[in-house]
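The values are calculated or read from the model by the stated rules, or taken from the named source; none is laboratory data. Model, not experiment: these values are computed from the prediction. All Cβ positions, glycine included, derive from the backbone under ideal geometry; neighbour counts span all protein chains shown. Just the protein is used for accessible areas: all its heavy atoms, side chains included, with ligands, DNA and RNA removed. Shrake-Rupley method; radii C 1.70, N 1.55, O 1.52, S 1.80 Å.
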Amino acid sequence: MPPTAQPQTEEEPAASAQGPILVIIPTYNESENIARIISRTRSAVPDAHVLIADDNSPDGTGKLADEIASNDDHVHVMHRLGKEGLGAAYLAGFEWGLNAGYDVLVEMDADGSHQPEQLQLLLAALGDADLVLGSRWVKGGEVVNWPKSREVLSRAGNLWTRIALGIPLRDATGGYRAFRGETLLGLGLDNVASAGYCFQVDLAWRALKAGFRVVEVPITFIEREYGDSKMSQRIVAEALVRTTLWGVAHRAKQLRALATNRKGPHRGVAAS
């Protein structure tokens with residue numbers, strides 16, 4: 001179990017068409033947003049439970065989440081030891097949720113950029129998929145209040161990801177997504193070490209390689225109004241470097257397989 005997770009109530013997790021739902025929201029210094037995002041999520045999908053994974057926020061986000069949870073048995077709080085990054089928070093949340101019996105696990109940002117009111121779109125698409133990505137860059141998707149430079153960076157990063165890894169996804173870096181529990185169990189999460197954009201690419205690519213059905217649905221991404229963005233040059237650089245290394249290894253493996261197939265069995269000798 002993740003460290004110092006608030007225990008589940010004795011009530012069974014709320015069910016949906018796909019099974020009980022857990023929305024995981026990592027937080028670090030989100031005191032201005034935490035009450036708002038929990039309220040919107042609970043209103044948008046009343047049956048869903050919410051897990052706040054707080055990285056020991058110095059601004060008191062965890063304490064505020066505790067106060068909300070004390071009055072709502074659908075809200076749970078995980079207090080982590082310190083700031084370890086988005087990927088680590090989600091991995092801990094996944095472990096907690098799977099152990100608690102949730103069948104659908106959702107990633108959602110705390111700052112309101114992922115609109116809880118669009119969560120039903122992801123859940124509906126999960127009826128015919130194993131992983132659903134909320135996408136800014138498919139037809140019908142959009143971003144609001146972004147400078148052109150950030151849009152160019154995101155589009156270019158996703159284009160590079162498609163080229164390097166040979167995947168069809170338009171928005172592999174997006175962080176609004178819904179997993180089936182069995183999908184997460186099939187991704188080999190024990191050896192995931194990436195964070196930020198790179199974490200999202202990693203999980204989507206793992207799902208595709210494992211043969212899971214991954215679909216994208218359009219969302220409207222709205223830049224945060226309150227608090228500071230956690231995006232940094234380090235996170236972007238990590239994504240670029242790791243994706244490039246994965247791509248080189250992937251293409252090298254393809255070339256080795258192609259060379260082996262071209263050689264084939266020696267003439268006159270039956271293939272084993």
Restricting attention to the range 196-207, does a residue exist that is closer than 21 Å to Ala249 by Cα and part of a loop (DSSP other than H, G, I, E, B)?
no
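Please determine, by comparing only the residues of the range 18-76 that are small (Gly, Ala, Ser) and in a loop (DSSP other than H, G, I, E, B), which one is farthest from Gly112 (Cα to Cα). Walk me through how you get there before you give the answer.
Start the filter on the range 18-76 by keeping residues that are small (Gly, Ala, Ser), which leaves 19, 31, 35, 39, 43-44, 48, 53, 57, 60, 62, 65, 69-70.
Okay, now just the ones that are also in a loop (DSSP other than H, G, I, E, B), so 19, 31, 48, 57, 60, 70.
Values: Gly19: 25, Ser31: 13, Ala48: 17, Ser57: 18, Gly60: 18, Ser70: 23 Å.
So, considering only residues that are small (Gly, Ala, Ser) and in a loop (DSSP other than H, G, I, E, B), the one farthest from Gly112 (Cα to Cα) is Gly19.
Is it the case, given these coordinates, that Asp111 is in contact with a Phe, Trp or Tyr (Cβ under 8 Å, 6 or more places away or on another chain) and more than 14 Å from Ile21 (Cβ to Cβ)? Spell out the reasoning first.
Details: in contact with a Phe, Trp or Tyr (Cβ under 8 Å, 6 or more places away or on another chain): yes; more than 14 Å from Ile21 (Cβ to Cβ): yes.
Yes; evaluated as a whole, the condition is true for this residue.
Just to check your reading of the model, which residue among Leu91, Leu86 is open to solvent by 10 Å² or more (accessible area, probe 1.4 Å), under 14 Å from the mean Cα position of the chain (by Cα) and at pLDDT below 95? Lay out the reasoning, then the answer.
Working: Leu91 fails: at pLDDT below 95.
After ruling out the rest, the residue left standing is Leu86.
Is it the case, given these coordinates, that Gly97 is of a type in the set (Gly, Ala, Ser) and on the phi > 0 side of the Ramachandran plot?
no
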Taking the range 129-164, which residues are part of a helix (DSSP H, G or I) and out of contact with any Ser or Thr (no Cβ under 9 Å at 6 or more places or on another chain)?
Lys148, Ser149, Arg150, Glu151, Val152, Leu153, Arg155, Ala156, Leu159, Arg162, Ile163
Tell me which residues, restricted to the range 155-176, are open to solvent by 10 Å² or more (accessible area, probe 1.4 Å), in contact (Cβ under 8 Å) with a residue 24 or more places away in the chain, more than 15 Å from Leu133 (Cα to Cα) and of a type outside the set (Gly, Ala, Ser).
Trp160, Ile163
Residues located in the range 39-83, provided they are among the acidic types (Asp, Glu), more than 25 Å from Gln120 (Cβ to Cβ) and open to solvent by 30 Å² or more (accessible area, probe 1.4 Å)
Asp59, Asp66, Glu67
Inter-residue pairs, beta-carbon under 6 Å, first touching a residue at least 12 places away in the same chain (Cβ under 8 Å) and in the range 97-117, second open to solvent by 30 Å² or more (accessible area, probe 1.4 Å) and in a helix (DSSP H, G or I), 6+ apart
Pro116/Arg40
Expected single match for closer than 22 Å to Trp96 by Cα and surrounded by fewer than 17 Cβ atoms within 10 Å (Cβ to Cβ) among Gly127, Gly181, Gly140, Gly188 is Gly188
